[in-house]
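Q: This is the structure I want to talk about, given as structure tokens.
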Amino acid sequence: MESQTLNDLFASTGIAREQWQQAMNSNTRIAQLDTPQGTFWLKKSAPPRGEFRYHALNFFSWIMRLSLLKAVPQPGGKAAIAMEINRIEQLTQSGALVPEVISSSDDWLLIRHAGDSIVNILKSADTIQCQRQYLFKRILVALRRIHHNQQYLSQAFIRNILLDQQQDRIVFIDFEDDPLAVMSLADAQARDLLLLINSTARFFINDQAFLHRCIQGFLSDHDPQVIETLRIASQRLQWVTRIPFQRLFGHDYQKLKTGILALNGL
């Protein structure tokens, strides 16, 4: 970005030149920039993900005959920055709540702070279970709206979902890859729900009836193709819930099992 344009950016956001330079030179890929005019996040380009991860996940997807489990390539570099900007624009046009892009270059983008991490709220010892239930139901409402507008997320893990406490709304982040590059829209939407369930199941291990009801309600008027995709995935992953000596696998296994069981009965 040209010097004059950077000067305009600094003037409009309140970011100091030294603050910007420090963020650009740091080894941290995502930097928080606090100014009197608000908080901004500088996101720098990253190298592509390792090929081995793709091969391993794609092999598992092939073995299980579940295309929604395919690895979604993350191109890294300039391509990932361009992809994230494009996906944010698509989702914004569809009415989804995503971060506002303030400025960008080939190898970075600057977004406005969009909210607080919901996963931190869910993990807090001060959060009671009915509050976790309320937040989870709100996330499902926001995700269903995205799906009904024929859109989808990229990495629908709970870590990529924020709560804008000022305007009391759910915001989605992280769009460096595009699932539609390797799967259908129905698979991408089913994948959204699968990632969300399995990244939040840890908060509902002792509340499985609630989780199951929420999923059933979410899918009650969804695209039949998405429901069928998840039904097949649930059937083919049931073996995971029936392996012997389950206590030996610890809490991570219980989270996975809870997520899979939440899809029963579709």
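Q: Among the candidates Ile170, Ile146, single out the residue that is aliphatic (A, V, I, L, M), assigned by TED's automatic domain parsing to the domain that holds Arg231 and over 13 Å from Arg87 (Cβ atoms).
A: Details: Ile146 fails: over 13 Å from Arg87 (Cβ atoms).
The conditions single out Ile170.
Q: Among the residues of the stretch 154-173, write down those that are free of Cβ contacts under 8 Å to residues at least 40 places away in the same chain and surrounded by 19 or more Cβ atoms within 10 Å (Cβ to Cβ). First the steps, then the outcome.
A: Narrowing the stretch 154-173 to residues free of Cβ contacts under 8 Å to residues at least 40 places away in the same chain: 160, 166-168.
The one that is free of Cβ contacts under 8 Å to residues at least 40 places away in the same chain and surrounded by 19 or more Cβ atoms within 10 Å (Cβ to Cβ): Asn160.
Q: What pairs can you find where one residue is in the stretch 91-110 and assigned by TED's automatic domain parsing to the domain that holds His147 and surrounded by 18 or more Cβ atoms within 10 Å (Cβ to Cβ), the other is among the aromatic types (Phe, Trp, Tyr) and modelled with pLDDT under 95, and their Cβ atoms are less than 9 Å apart, with a gap of 6+ or different chains?
A: Within 9 Å, no pair qualifies.
Q: Another one. Would you please name the residue that is farthest from Asp207 (Cα to Cα), looking only at residues in the stretch 241-256 that are modelled with pLDDT of 65 or more and surrounded by 15 or more Cβ atoms within 10 Å (Cβ to Cβ)?
A: In this case the residue turns out to be Thr241.
Yes/no matrix, rows are residues, columns are (1) assigned to a helix (DSSP H, G or I); (2) of a type in the set (Lys, Arg); (3) closer than 19 Å to Asp177 by Cβ; (4) modelled with pLDDT of 95 or more:
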site	(1), (2), (3), (4)
Arg49	no, yes, yes, no
His55	yes, no, yes, no
Gln74	no, no, yes, no
Lys78	yes, yes, yes, no
Ile88	yes, no, yes, yes
Phe136	yes, no, no, yes
Ile139	yes, no, no, yes
Ala142	yes, no, no, yes
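Q: Mind listing just one residue for me: the one in the stretch 105-123 that is farther than 21 Å from Gln167 by Cβ and outside any helix (DSSP H, G or I) and, of those, nearest to the chain's Cα centre (by Cα)?
A: Initial filter on the stretch 105-123 (farther than 21 Å from Gln167 by Cβ): 105-109, 123.
Okay, now just the ones that are also outside any helix (DSSP H, G or I), so 105-109.
Values: Ser105: 23, Asp106: 23, Asp107: 22, Trp108: 20, Leu109: 18 Å.
Among those residues, the one meeting the criterion is Leu109.
Q: Let me ask something else about it. Scanning for something assigned to a strand (DSSP E or B) and either in contact (Cβ under 8 Å) with a residue 60 or more places away in the chain or not aromatic (Phe, Trp, Tyr) (or both), does the stretch 11-31 turn up at least one residue? Give the steps one after another, and end with the answer.
A: Filtering the stretch 11-31 down to residues assigned to a strand (DSSP E or B) leaves 30-31.
Keeping just the survivors that are either in contact (Cβ under 8 Å) with a residue 60 or more places away in the chain or not aromatic (Phe, Trp, Tyr) (or both) gives 30-31.
Yes, the stretch 11-31 contains a residue that is assigned to a strand (DSSP E or B) and either in contact (Cβ under 8 Å) with a residue 60 or more places away in the chain or not aromatic (Phe, Trp, Tyr) (or both).
The values are calculated or read from the model by the stated rules, or taken from the named source; none is laboratory data. What you see is a predicted model, and the numbers here were worked out from it, not measured in a lab. With ideal geometry, Cβ positions are generated from the backbone for all residues, glycine too; neighbour counts draw on all protein chains shown.
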